[in-house]
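Let me begin by presenting the structure, written as structure tokens, before commenting on it.
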Amino acid sequence: MDGRRRRARTTDSPELGGGGAARDRGTDLSISVEDAQSAANDILAAILDREPGLSKSHRKIAQAILGYPRVFVEKPIEELVPWIGVSAPTITRFSREVGCDGLRDLKLKIMGSMRVGLQYLEPQTPPATLIEVGERVAMRAQRAIVNAQKTLDLGALEQAIEIISRSRMIYAFGSGGVSSWLIEEVHNRLFRLGLHVSTSADHQMQMMLAATVGRGDVIFCSSLSGTNPELMRALRIGADYGAQTIGLTVAGTPLADMVDISLAVNVADDGDVLGPTSVRYAFLAVIDMLAYGAAVRSRPAALEKLRRIKQQFTMHRDSDTSKPLAD
């Protein structure tokens, strides 16, 4: 367990000190989920940051925690001593040096960090080659798109197409690392059909825009979590003023339950935190289904708008008519 870059392990605890192979028995420390959740400090980051300046014995404790956090929490003090190879008072002093009241408080904070980040402490085995990287990305994208197509309610999709096709204005709201640009894709797909779209990734602006809507307007929102409270507040405001609401999210979330039309998909990542989320492929597929369906529904008008765009594009940018339409 040398160096600052390490992966936490949860196999049977190795022999860290000189006390022989320790057994992974239950601990006499009873820690509730509520207690662990209340330990808000990221103690693992604090220990990692302080590790280079620690004494030799304290560094051994730090390495045990960073390498085997679950084992450290589970072992009582009488097993930690021979496992790490330090004395009980040394463990107590270490606990206080990293800002804890004692061993119990240290374990509480470790459990708090594990609760929110265990998959980062114990990541999946990464791909060994770039070929495997490519295969994983392609397979995950394909799986996400197929799952979206299979789990999306086509009745809800048809309703959404109907609503946006006759809408006066479409407000597309989203935030975060994915939905903030997905709503721009909504705009990119729909404006070329002659539909009026305004986007916002700012919660304050979303609230203000929602306060200006009326009947005939649509609020389209995107959320991978389905639990964004600021986004849901804007939706409630818009609905109160008469706008119809559409939600692109995952199934079984509060957002999916509160909108008029839920474009919810049953898609989830496989737990590989190093890989980009494949859920965004599912959301993009739904947006394409929505845009394609709206284009087919308003075919004569959509074709004329698309023809105009292509006309200007070939005149001013690229005369090759076989290329995608300004994409």
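Which part of the stretch 168-193 falls in the paramagnetic zone of Ile309, meaning amide N under 18 Å from the point 7 Å along Cα-to-beta-carbon?
Under cut-off, by backbone N: 169-172, 181-193.
Between the DSSP loop rule and a limit of at most 14 other Cβ atoms within 10 Å, which trypsin sites (Lys or Arg not before Pro) in the stretch 206-269 are left?
Details: sites: Arg215, Arg233, Arg236; in loops: Arg215.
Qualifying residues, ordered by number: Arg215.
Give me the lysines in straight-line cross-link reach of Lys56: C-alpha distance below 26 Å, same-chain residues under 8 apart excluded.
Lys75, Lys107, Lys109
Show the residues, 5+ positions off or on another chain, whose built amide H is closer than 5 Å to the amide H of Tyr68.
For Tyr68, whose amide H was placed from the backbone, the distant partners under 5 Å are Arg9.
Three principal axis extents, largest first, for the C-alpha atoms of the stretch 159-246, in Å?
For the stretch 159-246, the Cα extents along the three principal axes come out at 29, 26, 21 Å.
Which of the lysines could a cross-linker bridge to Lys323, judged by Cα under 16 Å and excluding same-chain residues fewer than eight apart?
Lys310
Rg (Å, one decimal) plus Dmax (Å, integer) for the alpha carbons of the stretch 130-316?
Expressed in Å, the Cα Rg and Dmax of the stretch 130-316 come to 16.8, 52.
Please grab the % of Cα pairs in the stretch 238-327 that end up more than 23 Å from each other.
50
Taking the Cα-to-Cβ direction at Ala268 and at Lys323 and moving 7 Å from each Cα, how far apart do the two end points lie in nm?
4.3
Which one of Val273, Gly134, Tyr292 is farthest out on the positive end of the charge dipole of the stretch 130-316, using unit charges on Cβ (Lys, Arg +1; Asp, Glu -1) and the Cα centre as origin?
Value computed over the given set: Tyr292.
Every number in this text was worked out from the coordinates using simple rules, so none of it is lab data. The structure displayed is predicted, hence computed values, not measured ones. Ideal geometry is used to build each Cβ from the backbone, glycine not excepted, and the neighbour counts take in all protein chains shown.
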